[in-house]
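Below: one structure, written as structure tokens.
The values are calculated or read from the model by the stated rules, or taken from the named source; none is laboratory data. Keep in mind that what you see is a predicted model, and the values were worked out from it rather than measured. Don't worry about glycine lacking a Cβ; one is built from the backbone with ideal geometry, like all the others, and counts go over all protein chains shown. Side chains are part of the model used for accessible areas, which takes the heavy atoms of the whole protein and leaves out ligands, DNA and RNA. Shrake-Rupley method; radii C 1.70, N 1.55, O 1.52, S 1.80 Å.
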Amino acid sequence: MKGSCRFSPNKFDGRKPAYLSVYQTLNILKKEIRMKEYKHFINGDYVGSQKGKTFENRCPVDNHLLGIVHEADEQDVDLAVKSAKKALKGPWGNMTQNQRTELLNKVADRINERFDEFLEAECLDTGKPHSIARHIDIPRGAANFKAFSETLANHPTESFRLDTPDGNGAVNVGHRTPKGVIAVISPWNLPLLLMTWKVGPALACGNTVVVKPSEETPATTTLLGEVMNECGVPAGVFNVVHGFGSGSAGQFLTTHPLIDAITFTGETSTGEAIVKAAAVGLRSISMECGGKNPGIVFADCDMDKAVEGTMRSAFVNCGQVCLGTERVYVERPIFDEFVKRLKEGVAKLKLGRPEDEGANFGPLVSLEHRNKVHSYYKLAVEEGATVEIGGGIPDMGEALNDGAWIEPTIWTGLPDNARVVREEIFGPCCHIRPFDTEEEVIALANDTEYGLAATIWSESSARSIRVAEQMETGLVWINSWFLRDLRTAFGGAKQSGIGREGGVHGLEFYTELKNICIKL
Ligand code: NAD
Ligand code: 6OD
């Protein structure tokens with residue numbers, strides 16, 4: 001936990017060495033002065049924890065203290081959920097669809113107006129390069145508030161004419177109503193993007209929300225509260241509670257009896273705990289969970305595109321993308337060439353601070369996560385891997401060595417039953433294995449309990465589509481990766497999730513579909 005007081009000694013009290021230069025002391029002072037207090041956002045106001053419980057938020061770039069986060073207990077969560085319940089029946093519930101859409105469009109515009117603040121906050125929390133967040137996280141964070149209103153406005157509900165014995169007939173009309181108060185539990189890897197991906201459609205459909213962002217990344221969700229107020233979104237529609245999972249805000253929120261539905265993104269094991277919580281009271285769930293995604297590279301691929309795409313799918317965001325490729329299967333005639341080209345790509349990655357415009361590779365999100373990823377690096381060697389490149393912790397120099405840095409890594413030579421090949425690592429690493437036939441690679445790709453995404457590289461459309469149809473995943477990309485159209489279905493098969501969101505599929509989750517039968 002990058003945020004836990006228990007594991008993070010205060011830099012000043014605990015570790016200020018006698019030899020700090022004036023420059024270093026000033027730098028630390030500057031950071032401490034900018035230190036933030038992240039409060040809950042409840043009923044349109046920022047409020048602290050009633051019992052005063054807090055935890056630390058640290059920057060993974062160099063482990064400096066970013067701020068103090070309030071941790072919600074049962075009473076704080078109860079207040080947030082009751083505010084959301086009240087707003088549901090209040091001004092929000094009384095607005096027309098057009099009025100709500102107008103407000104959500106304003107929210108999107110305001111995020112874009114305050115783009116640099118969101119960018120800075122996201123990059124400090126996650127350590128990711130500005131160059132990445134500027135193109136992915138923040139624009140998508142805004143777009144999520146527009147895309148779903150448009151879907152909603154343009155999607156018809158069903159209607160059926162029924163013949164009846166008296167000859168007059170009946171008409172059935174589908175009518176959608178909001179589901180109620182939605183609990184949104186989000187992860188740390190794309191904090192704004194993945195939170196708004198759920199809040200956008202939830203609000204567009206007329207629900208109210210209580211969001212629990214990851215304890216690692218509280219900043220942009222907190223900032224969104226200000227934007228909601230600036231745009232005139234009524235108090236209680238958007239609420240935020242901070243804290244951890246079990247025994248903390250996450251558990252209190254998902255077990256609260258006034259929560260009508262829970263939408264979650266995170267690890268499969270956390271998803272299992274939340275499904276159990278949702279079973280009480282039979283609340284609806286939408287689960288977007290982990291993956292161990294295969295990339296399949298056929299010998300007839302465009303090699304430049306396959307290498308460039310695999311570089312992104314394995315290493316962008318320091319490998320912390322649920323859709324990322326951790327298992328790469330390459331057809332034998334091009335195996336050596338592909339490994340060589342991917343290694344060359346990795347060697348060119350530039351590690352650096354978020355604001356370094358030349359950098360395209362940041363640290364992992366926390367020291368705790370770095371320990372987990374590093375333990376897999378050691379395990380790979382124990383399991384017999386050839387480390388093609390990377391495999392360790394880089395020396396980033398005195399100023400950054402306290403950060404959660406890790407080397408991008410490629411392995412070959414592991415058996416198919418190695419834990420490194422079977423378990424989700426969620427770091428900048430992949431194992432590359434040769435294959436000989438289409439049949440063999442389909443079996444290898446599907447040999448996993450996960451089923452989120454697969455990527456296929458081939459210039460043969462017939463073959464790509466044939467293979468895509470046999471992937472046991474919710475998503476397949478052919479000759480691309482993470483190319484997103486928000487009207488399409490998004491979600492995982494097998495242990496990667498339950499349900500689909502995106503476009504009209506979101507409407508299924510975020511609304512209750514009622515059938516009204518009118519006898520004529
Ligand atoms: P995580 O499961 O540890 O945490 C996710 C959220 O759940 C956090 O807000 C956390 O505080 C909360 N939480 C933890 N325990 C809880 C509990 N018992 N009750 C309620 N809430 C609880 O996941 P993470 O480490 O933040 O994110 C990384 C994981 O997320 C990876 O497995 C990745 O594959 C997955 N992920 C999946 C998708 C997808 O779309 N399928 C997208 C992004 C990330
Ligand atoms: O693009 C999206 O809508 C989405 N949910 C992406 C998930 C990325 C996972 O890390």
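Regarding the chain, what's the average projected area of the Cα-atom convex hull, expressed in nm²? The directionally averaged projection comes out at 27.0 nm². Annotation for region 382-489: GluC sites (Glu not before Pro) lying in DSSP loop with at most 10 further Cβ atoms inside 10 Å of their Cβ are E398.
Determine the shape class of region 49-97: with a ≥ b ≥ c the square roots of the Cα gyration tensor eigenvalues, call it rounded for a/c under 1.5, and otherwise prolate if a/b is greater than b/c, oblate otherwise. Oblate, because a/c is 1.5 or more while a/b does not exceed b/c. The simple spin-label model puts a point 7 Å past each Cα toward its Cβ; for N417 and E74 those points are separated by 4.7 nm.
To the nearest 0.05, how large is the calculated FRET efficiency for K372 and C517 if R₀ is 45 Å and r is the Cβ-Cβ distance?
On the way: r = 54 Å, r/R0 = 1.21.
FRET efficiency, K372 to C517: 0.25.
For the pair L379 and N112, the difference between a 0.36 nm per residue extended length and the Cα-Cα distance amounts to 91.8 nm. According to the square roots a ≥ b ≥ c of the eigenvalues of the Cα gyration tensor, what is the shape class of region 310-359, taking rounded for a/c under 1.5, prolate for a/b larger than b/c otherwise, and oblate for the remainder? Taking the square roots of the gyration eigenvalues as a ≥ b ≥ c, region 310-359 is oblate.
Here the relative contact order of the chain, from alpha carbon pairs under 8 Å that lie six or more residues apart, stands at 18 percent. Among beta bridges identified by DSSP and lying wholly in the chain, the antiparallel ones come to about 40 percent.
Dividing the Cα convex hull volume of region 410-520 by residue count, how many Å³ per residue is that? Please list the in-between numbers first.
Details: hull volume 18.6 nm³, N = 111.
It comes to 168 Å³ per residue, whole-number rounded.
Note on V173/L282: beta-carbon distance plugged into 1/(1 + (r/R0)^6) with R0 of 30 Å gives a FRET efficiency of 0.70.
Restricting to region 374-516, compute how many DSSP beta bridges are antiparallel as a %, nearest 5.
Values: 6 of 14 bridges.
Restricted to region 374-516, the bridges split so that about 45 percent are antiparallel.
Modelled spin-label separation between E508 and N229, with each label point placed 7 Å from Cα along the Cα-to-Cβ direction: 3.9 nm. Of all aspartates and glutamates in the structure, those lying under 20 Å Cα to Cα from K89, and not within fewer than 8 positions of it along the same chain, are D45, D78, E102, D260, E512.
Counting every alpha-carbon pair across region 206-245, the share separated by more than 16 Å comes to 34%. With Rh defined as the Kirkwood radius, the inverse of the mean 1/r over Cα pairs, the Rg/Rh of region 456-520 is 1.17. You can think of it this way: the chain between Q50 and H155 has 33.5 nm of extra reach, that is 0.36 nm per residue less the Cα-Cα gap. The separation of region 410-488 from region 204-273, counted between C-alpha centres, amounts to 32 Å. Between the C-alpha center of region 155-190 and that of region 308-346 there is a gap of 43 Å. Per-residue ellipticity at 222 nm, computed for the chain from helices alone with -39500 (n - 2.57) per DSSP H run of at least four residues, works out to -12000 deg cm²/dmol. Mind running the shape call on region 342-407? Use the C-alpha gyration tensor, a ≥ b ≥ c as the square roots of the eigenvalues: rounded below 1.5 for a/c, prolate if a/b tops b/c, oblate otherwise. Oblate shape, in that a/c is at least 1.5 and b/c is the bigger or equal ratio. The fraction of accessible area contributed by carbon and sulfur in region 27-169 is 51 percent, rounded to a whole number (1.4 Å probe; ligands and nucleic acids excluded). Inter-label distance, E449 to S269: 1.0 nm, where each label sits 7 Å from its Cα along the C-beta direction.
For the cross-link pairs K128/K305; K86/K519; K128/K378; K53/K372; K198/K350, which exceed 30 Å when the distance is taken from alpha carbon to alpha carbon? Over 30 Å apart, Cα to Cα: K86/K519; K198/K350. Taking the Cα centre of region 122-247 as reference, the dipole from Cβ charges on Lys and Arg (+1) and Asp and Glu (-1) amounts to some 100 debye.
I need the calculated FRET efficiency for the pair A489 and K343, taking r as the beta carbon distance and R₀ as 35 Å, to the nearest 0.05.
It comes to 0.50.
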